[in-house]
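This report concerns only the one structure given below.
The values are calculated or read from the model by the stated rules, or taken from the named source; none is laboratory data. Please read all numbers here as calculations on a predicted model, not as lab measurements. Heads up, the Cβs are rebuilt from the backbone with ideal geometry, glycines too, and the neighbour counts pull from every protein chain shown. Quick note on the areas: whole protein, heavy atoms, side chains included, nothing else; ligands and nucleic acids left out. Shrake-Rupley method; radii C 1.70, N 1.55, O 1.52, S 1.80 Å.
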Amino acid sequence: MAAAKIKKGDSVVVLSGKDKGKTGTVAKVMPKDGKIVVEGVNIAARHRKPTQTNPQGGIDRFEAPMHISKVALADPKDGKPTRVRFETKDGKKVRVAVKSGETIDG
């Protein structure tokens, strides 16, 4: 399996869709589905009927998964979207922002 360019806890920028331009932190990554959940982004609403467990019913709002290609890592220097490259530093594989050359982890 290839190394993950985006991981849980990373700061990302949304590139397309209704939330284009928003930034958020990655809450969950689903590599098998190629999807990602970002805090405060891609909010979906579900109208729930009253049930025995939830007698009130109402509207559930939650962060829906979105495709990984819709987000890019935020550059640690200026917060703008950047691609990710892998480099070996001190025998350790680290992620590097392509735009600024900043090391993301390590």
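Annotations
- Restricting LYS35, LYS20, LYS7 to residues that are in contact with an Asp or Glu (Cβ under 9 Å, 6 or more places away or on another chain) and of a type in the set (Lys, Arg) narrows the list to LYS7.
- Check on LYS35, surrounded by 15 or more Cβ atoms within 10 Å (Cβ to Cβ), more than 13 Å from GLU63 (Cβ to Cβ) and under 12 Å from the mean Cα position of the chain (by Cα): no
- Only listed residue being surrounded by 12 or more Cβ atoms within 10 Å (Cβ to Cβ), touching a strand residue (DSSP E or B) at 6+ places or on another chain (Cβ under 9 Å) and under 18 Å from LEU15 (Cβ atoms), chosen from VAL29, VAL94: VAL29
- Test for ALA64: is it modelled with pLDDT of 95 or more, more than 10 Å from the chain's Cα centre (by Cα) and surrounded by fewer than 12 Cβ atoms within 10 Å (Cβ to Cβ): no
- Any chance ASP105 is of a type in the set (Asp, Glu), part of a loop (DSSP other than H, G, I, E, B), over 14 Å from LYS5 (Cα atoms) and at pLDDT below 95: no
- Residue within the range 42-51 that is surrounded by fewer than 18 Cβ atoms within 10 Å (Cβ to Cβ) and under 15 Å from the mean Cα position of the chain (by Cα) present: yes
- Complete set of residues in the range 54-106 that are among the small types (Gly, Ala, Ser) and without any contact (Cβ under 8 Å) to a residue 60 or more places away in the chain: GLY57, GLY58, ALA64, SER69, GLY91, ALA97, SER100, GLY101, GLY106
- Selection within the range 1-30: residues that are out of contact with any helix residue (DSSP H, G or I) (no Cβ under 8 Å at 6 or more places or on another chain), among the hydroxyl-bearing types (Ser, Thr, Tyr) and touching a residue at least 40 places away in the same chain (Cβ under 8 Å). The member of this set that is nearest to ARG85 (Cα to Cα) is SER11.
- Selection status of ILE59, open to solvent by less than 70 Å² (accessible area, probe 1.4 Å) and out of contact with any Cys (no Cβ under 7 Å at 6 or more places or on another chain): no
- Taken over the range 79-91, the criterion of being assigned to a strand (DSSP E or B), at pLDDT 90 or above and either surrounded by fewer than 16 Cβ atoms within 10 Å (Cβ to Cβ) or aromatic (Phe, Trp, Tyr) (or both) is satisfied by ARG85, PHE86, GLU87, THR88.
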